[in-house]
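Just so you know, all these numbers are worked out from the coordinates, no wet-lab data involved. This structure is a prediction, so every number in the text was calculated from the model and none was measured. Cβ: placed from backbone, ideal geometry, glycine included. Neighbour counts: every protein chain shown.
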């Protein structure tokens, strides 16, 4: 029997159970994927705790993975058994094998190994839409990235540097500051002990930044807003410290006619054309060597609960991969 990590109720990491599941054969428009590597992301924690509703339980968690197509169902023409594939935003990746429709799948180029593919699909495509769609980074821009030592943060910092930006990275420790600098950050700020907005103003000669990319949420919302130049963009794409609630929209006017966006990868890859454009751009920038994917740690898939604990306790760096 195939095994998977499932939850039967929302809550802590102890609710993640390693169980046998019946996968079966693919139906119309489906393929059966044997996973070789699975990505871990903070959205998995949000879904485990119930912050993001995932429907009826029990449910297999996980939003991205890489593997090999074992079997194709009727009507599938763009993929074949033996194809190396990867995906993001496909709930159910915490499994040795699964069935899925092909609308989220992309073929993995020969130059990208399975662990890299699993580690970069969600975080890498997120980085791509943040830097090119939420706010189009231009050469000469100075930008602010919260959690710059995390998986998305490291990819974004490298990619933004490749685009010609000066990167200010906020991190939680001196160790993570060094990691952020090694991945493209020109300046680092310790947001637990420094006044972020004051340091940003110092670095930018009082101007502020045109954009703050913030995945931390409640704890850094004010710092992000106060770091922006007039008409700047606060891009809030995560809630690692908790969700932003009771937001006073009047602050945007008072702080300089600011903009705020709460984007999702699903929106920016909502059809095959957008998905291919986003994924191919990611494969190209990684393939060129301009962006390197740092798999900071791996865990056996059966030990996903410990991986969740370490992620929540800020003990991980870069991307985390679960191995079936």
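Values computed for the structure shown
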| item | result |
| --- | --- |
| By average C-beta atoms within 10 angstrom, highest first, the peptides 162-169, 123-130, 103-110 | 123-130, 162-169, 103-110 |
| Helix 114-129 vs. the chain, principal-axis angle (Cα, 0 to 90°, nearest 10) | 40 |
| Chain lengthening between residue 56 and residue 71 when straightened (0.36 nm per residue, less Cα-Cα) | 2.7 nm |
| Whole-number D in µm² s⁻¹ for segment 95-214, Kirkwood Cα-pair radius fed into Stokes-Einstein, 20 °C, 1.002 mPa s | 139 |
| For the chain, share of DSSP beta bridges that run antiparallel, in % to the nearest 5 | 55 |
| Tensor-based shape of segment 2-83 (alpha-carbon gyration tensor, a/c under 1.5 rounded, otherwise prolate or oblate) | prolate |
| Gaussian network model of the chain, springs between alpha carbon atoms under 10 Å - residue of 237, 299, 52 with greatest fluctuation | 52 |
| Gaussian network model of the chain, springs between alpha carbon atoms under 10 Å - residue of 247, 234, 42 with greatest fluctuation | 247 |
| Three-way shape label, segment 139-277, alpha-carbon gyration tensor, a/c 1.5 | rounded |
| Segment 21-140 shape via C-alpha gyration tensor axes, a/c threshold 1.5 | oblate |
| Alpha carbon centroid spacing (whole Å) that separates segment 80-118 from segment 155-227 | 32 |
| D_trans [Stokes-Einstein, Kirkwood Rh over alpha-carbon pairs] for the chain, 20 °C, 1.002 mPa s, µm² s⁻¹ | 106 |
